[in-house]
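Enquirer: Here it is, the structure in full.
The values are calculated or read from the model by the stated rules, or taken from the named source; none is laboratory data. Predicted model, so just to flag it, every value in this text is computed and none were measured. Don't worry about glycine lacking a Cβ; one is built from the backbone with ideal geometry, like all the others, and counts go over all protein chains shown.
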Amino acid sequence: MIPLAERLEIVRNVRCVDAAHPAFTNDKVAMWKDLRFHVVFKGDDWKGTEKGNQLERSFRELGVEIVYFPYGTITSSSALRRTLRYIDEFS
């Protein structure tokens, strides 16, 4: 597990990244209202889903490009979160 502060530092040091901010909400449009970004990146597991389609509609109106990355099937963030919750429950 990489702590949030370290992940942000890694992303901030990518040459093509202007800024990196932690997300404190899942509402992407609310984040846009605060930050006014031009591109959002999502895993391609969102593409063609209702959530993905809604995201595309919302951001199309705002002129924000959505770039889909190939979804990593080797490491599941959902499975990691479930495991950590399970560990916390029995600690």
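Enquirer: Out of the residues in the stretch 40-60 that are in a helix (DSSP H, G or I) and hydrophobic (A, V, I, L, M, F, W, C), which is nearest to S77 (Cα to Cα)?
Expert: Filtering the stretch 40-60 for residues that are in a helix (DSSP H, G or I) and hydrophobic (A, V, I, L, M, F, W, C), the one nearest to S77 (Cα to Cα) comes out as L55.
Enquirer: Kindly indicate the residue of the stretch 49-91 that is loosely packed, with under 10 Cβ neighbours inside 10 Å and among the small types (G, A, S) and also modelled with the highest pLDDT among those meeting that condition.
Expert: G63
Enquirer: Within the stretch 76-91, can you find the residues that are in a loop (DSSP other than H, G, I, E, B) and more than 15 Å from the chain's Cα centre (by Cα)?
Expert: Selection gives F90, S91.
Enquirer: Can you tell me how many residues within the stretch 30-44 are in contact (Cβ under 8 Å) with a residue 24 or more places away in the chain and either loosely packed, with under 15 Cβ neighbours inside 10 Å or within 25 Å of P3 (Cβ to Cβ) (or both)?
Expert: 8
Enquirer: Also, I was wondering about something else. If you check every pair at least six apart or on different chains, which have Cβ atoms under 6 Å apart with a residue in the stretch 6-28 that is touching a residue at least 24 places away in the same chain (Cβ under 8 Å) first and a residue that is polar (S, T, N, Q) and part of a loop (DSSP other than H, G, I, E, B) second?
Expert: Pairs found: none.
Enquirer: If you take the residues of the stretch 61-75 that are in contact (Cβ under 8 Å) with a residue 12 or more places away in the chain and assigned to a loop (DSSP other than H, G, I, E, B), which of them is nearest to P22 (Cα to Cα)?
Expert: Here the residue is V64.
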